[in-house]
Amino acid sequence: MRQRVIAVVGVVALIGLVFALNFYRLPVVALSPGPMEDVLARLKVEGSRVYDSEGKLYLTSVGIDDNVRFYEALLDMANRDVQLVPRAQLYPEEQDSAEIDKENVALMDRSKETATVVALRQVGYKIEPSGVEVTEVVAGAPADGKLRAGDEILAADGHLVDSTDEVRKAITGHKPGERVAFRVERGKGEKNVSVEVQEVEDQPRVGILLRDLFPDLPVKVTIQTQNNIGGPSAGLMFTLSIIDKLTSDDLTGGRRIAGTGEIALDGSVLPVGGVGEKLIAVHRLGVTTFLIPAENCAGVKGQVPDGLRLVKVSKVDDALRFLRDPKAAASAPGC
């Protein structure tokens, strides 16, 4: 009788453990191939003549599951297309999902704005910044508690500033221990702030991230993406799609081309995450050409599906050269 009781207790305990494990959230994130969208089909331009294209320019994305349970993780580990990474590798511990989603939406919106400015400059418009905004203050840095996200910097060391380059020059013109005098617009008023300069990685820093502000642009561009895609990694494909719409030459040449990469205001293509998962999605759709940031090449060795050609780009000009010139396309460097 006693053995039977012990056996029953053991079974109940095992069932309880199995049940508990099913609800245990692991500190990992599951990355998987995400949806692709033809940006040209999502693009609306007002204020300029637009041109049609025969091909497609796809943005790529990564599916992210940050609510991975124990048994889901077992299934994910058996799936070659899914990668489990520590959650802290992608998200700060103090951020919840709602904050992360909000931040990704903001990054996507900023990416669209930057892509529009870069594209308009490429087709001949002269677009210059008209202000500078603080987007983030690094915790514990000299600017922490003095400057705030959302502050618009009006002047640095008594000189009016209109661009992030001007602010950076003011900061780097100081030696560590010296102070930069900022005048900022905060809310409905202005405030003078003095911030000490600190040496970080052999460079003068105060611990702020900045963005350029622009006046109303001469051409209005709207990109309506779907599938809850966020972040800055579609910037390159946004830029190329806008240029394609605004120029008579069909950049696609009837081809289906996918890509990824954050776009900077100077036209540089910056590395992004999740490229391995994006390559899988591209291959599944039957697309055979993928534009990849040069700095991402090393990270995808051994992960490129057969039949998929990678074209390495460092600046938007590299991508345009590949798209416009058949000879350049034939010899474009891969990874």
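Listing for the model above:
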read-out	value
Extension reserve of the Asp202-Val123 stretch, reckoned as 0.36 nm per residue once the Cα distance is removed	24.7 nm
Protection proxy ranking of 231-241, 248-258 - average other beta-carbon atoms within 10 Å, highest first	231-241, 248-258
For a label point 7 Å along the Cα-to-beta-carbon line of Ala330, residues of segment 225-254 with backbone N under 15 Å	none
Square roots of 5 times each gyration tensor eigenvalue, C-alpha, segment 221-279, largest first, Å	20, 14, 13
Cβ-Cβ FRET estimate between Lys191 and Glu103, R0 fixed at 30 Å, reported to 0.05	0.75
Simple Cβ-charge dipole of segment 104-245, Lys/Arg +1 and Asp/Glu -1, about Cα centre, in debye nearest 20	280
Segments 208-219, 276-287, 143-154 sorted - mean Cβ within 10 Å per residue, highest first	276-287, 143-154, 208-219
Rounded FRET efficiency, nearest 0.05, which uses the C-beta distance separating Leu217 from Ala181 and R0 of 35 Å	0.65
Cα-Cα pairs of segment 270-310 separated by more than 15 Å (percent)	30
Cα pair distances exceeding 22 angstrom across segment 185-285, given as percent	54
Cross-link partners of Lys245 among lysines (Cα-Cα below 22 Å; sequence separation of 8 or more within a chain)	Lys44, Lys56, Lys112, Lys126, Lys220, Lys315
Percent accessible area from carbon and sulfur atoms, segment 148-291, protein chains only, probe 1.4 Å	44
Dipole magnitude (debye, nearest 20) for segment 227-335, charges at Cβ of Lys, Arg, Asp, Glu	280
Additional length obtainable on full extension of the chain from Ser48 to Glu295, 0.36 nm per residue less Cα span	85.5 nm
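The values are calculated or read from the model by the stated rules, or taken from the named source; none is laboratory data. Since we're looking at a predicted model, the values are computed, not measured. Virtual Cβ from ideal backbone geometry, glycine too; neighbours counted across all protein chains shown. Please note that ligands, DNA and RNA were not included when accessible areas were found on the heavy atoms of the full protein model with its side chains. Shrake-Rupley method; radii C 1.70, N 1.55, O 1.52, S 1.80 Å.
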